[in-house]
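Below is one structure, written out as structure tokens; the observations come after it.
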Amino acid sequence: MSNLNIKIGDLQLKNPVMTASGTFGYGLEYADFVNLSDIGAIIVKGTTLHHREGNDYPRMAETPSGMLNCVGLQNKGVDYFCNNIYPQVKDIDTNVIVNVSGSTPEDYAECAARIDRLEKIPAIELNISCPNVKDGGMAFGVTRKGAAEVVRAVRARYHKTLIVKLSPNVTDITEIAKAVEDEGADAVSLINTLMGMAIDIERRKPVLSIKTGGLSGPAIKPVAVRMVWQVARAVRIPVIGLGGIMNAKDAIEFFMAGASAIQIGTANFIDPTVSVKVRDGINQWLDQHKVSSLSEIIGTVD
């Protein structure tokens, strides 16, 4: 067995496989299918300061080699998480990480501060792909200024491992990555979904209720690998790769591109046990190639 241990900031992972926010619920929903302690980390669904209903239906659509979604961060708010969900997940024998979203830097910071008090939540992941309500609805994560502003506000009030999830809907993702690193991010995760659209040609209308949504699944993997490769060479902090990972081969591509860990998202909807299968597949590949530690293949592609 190869050594799969990886450290992200102060976060120690028993293996590099994480489940992506929004695709694994709170982890509890998958407990009948997989031993949760076999996963390196579980990132729970997006959590906001206040309750959110999300967007109207339909808000998911299948596309070739992927899917579109515009769920809209439906959740019951951070206080509900702290009071009702945290007691159920705090003793899971793995890292439980909360994905944090917001509409203003102050919202992000307050939400993060409340999670900071939870002893057994060792990290948060900031979703900076959210629209900035004070700036005409443009996503925080598409400008250096917006991304830096959110991370600065959160870093002032959050004291554990801070992961920032980057949007791919930008001209130069390395500039955003460097901006959040400068403001104190401990790691970056990428990529979030690509903006996409599908049209019902019989109705002559968009399939999704709000017209556009986030594209995920195998269709986006080549874009994700490229962006991880670019960012890993631009920053000093660890990179967590995600986007269309369906098996161990996909995961190993991300490691070679420079990722220290990976997240599995859409594949969970197809096979709820995929995270453990990917972990085992990584181990098998490393053993077959006589690689004693995962760290030996990270960033090996120039």
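Kindly establish whether G243 is under 23 Å from G72 (Cα atoms), of a type outside the set (S, T, N, Q), touching a strand residue (DSSP E or B) at 6+ places or on another chain (Cβ under 6 Å) and buried (at least 17 other Cβ atoms within 10 Å of the Cβ). The answer is no for G243.
Take S129 and decide whether it is among the polar types (S, T, N, Q), at pLDDT below 95, at negative phi and assigned to a loop (DSSP other than H, G, I, E, B). Answer is yes for this residue.
Can we say G72 is of a type in the set (G, A, S), over 27 Å from V276 (Cα atoms), in contact (Cβ under 8 Å) with a residue 60 or more places away in the chain and surrounded by fewer than 22 Cβ atoms within 10 Å (Cβ to Cβ)? For G72, the condition - of a type in the set (G, A, S), over 27 Å from V276 (Cα atoms), in contact (Cβ under 8 Å) with a residue 60 or more places away in the chain and surrounded by fewer than 22 Cβ atoms within 10 Å (Cβ to Cβ) - is met. Taking region 139-221 as the region of interest, the strands (runs of 3 or more DSSP E) fully inside it that hold 1 or more residues being under 14 Å from the mean Cα position of the chain (by Cα) and more than 28 Å from A113 (Cα to Cα) are 194-197, 212-216. Just one of the listed residues (I85, I42, I92) is under 29 Å from H159 (Cβ atoms) and touching a residue at least 60 places away in the same chain (Cβ under 8 Å), namely I92. Tell me, yes or no, whether region 129-144 has at least one residue that is of a type in the set (A, V, I, L, M, F, W, C) and free of Cβ contacts under 8 Å to residues at least 12 places away in the same chain. Yes, that holds for at least one residue. For region 207-222, a residue qualifies if it is among the hydroxyl-bearing types (S, T, Y) and surrounded by 23 or more Cβ atoms within 10 Å (Cβ to Cβ), and exactly one does: S216. Checking every residue in region 288-302 against the condition of being outside any helix (DSSP H, G or I), β-branched (V, I, T) and over 17 Å from N5 (Cβ atoms) gives at least one match. Looking only at residues in region 86-107 that are outside any strand (DSSP E or B) and in contact with a strand residue (DSSP E or B) (Cβ under 8 Å, 6 or more places away or on another chain), the one that is farthest from D38 (Cα to Cα) is S103. Count of region 72-105 residues, restricted to those that are over 14 Å from G25 (Cβ atoms) and touching a Pro at 6+ places or on another chain (Cβ under 9 Å), is 2.
Suppose the filter is touching a residue at least 60 places away in the same chain (Cβ under 8 Å), closer than 30 Å to D32 by Cα and outside any helix (DSSP H, G or I); does I240 pass it?
Details: touching a residue at least 60 places away in the same chain (Cβ under 8 Å): yes; closer than 30 Å to D32 by Cα: yes; outside any helix (DSSP H, G or I): yes.
Criteria met by I240.
Scanning region 156-177 for residues that are of a type outside the set (V, I, T) and buried (at least 19 other Cβ atoms within 10 Å of the Cβ) yields a total of 7. Within the option set V278, V231, V225, being touching a residue at least 24 places away in the same chain (Cβ under 8 Å), touching a Phe, Trp or Tyr at 6+ places or on another chain (Cβ under 7 Å) and either buried (at least 22 other Cβ atoms within 10 Å of the Cβ) or not in a loop (DSSP other than H, G, I, E, B) (or both) holds for one residue only, V225. Restricted to region 111-129, and to residues there that are of a type in the set (D, E) and surrounded by fewer than 22 Cβ atoms within 10 Å (Cβ to Cβ), the residue that is nearest to I163 (Cα to Cα) is D116. In the set (1) touching a residue at least 24 places away in the same chain (Cβ under 8 Å); (2) of a type outside the set (G, A, S); (3) more than 25 Å from K249 (Cα to Cα), the condition left unmet by L4 is number (3). For region 87-103, residues that are at pLDDT 95 or above and surrounded by fewer than 20 Cβ atoms within 10 Å (Cβ to Cβ) total 6.
Across region 54-69, the number of residues qualifying as under 15 Å from I270 (Cβ atoms), surrounded by fewer than 19 Cβ atoms within 10 Å (Cβ to Cβ) and not hydrophobic (A, V, I, L, M, F, W, C) comes to 4.
The values are calculated or read from the model by the stated rules, or taken from the named source; none is laboratory data. Remember, it's a predicted structure, so these values are computed and weren't measured experimentally. As a convention, Cβ positions derive from the backbone with ideal geometry for all residues, glycine included, and neighbour counts pool all protein chains shown.
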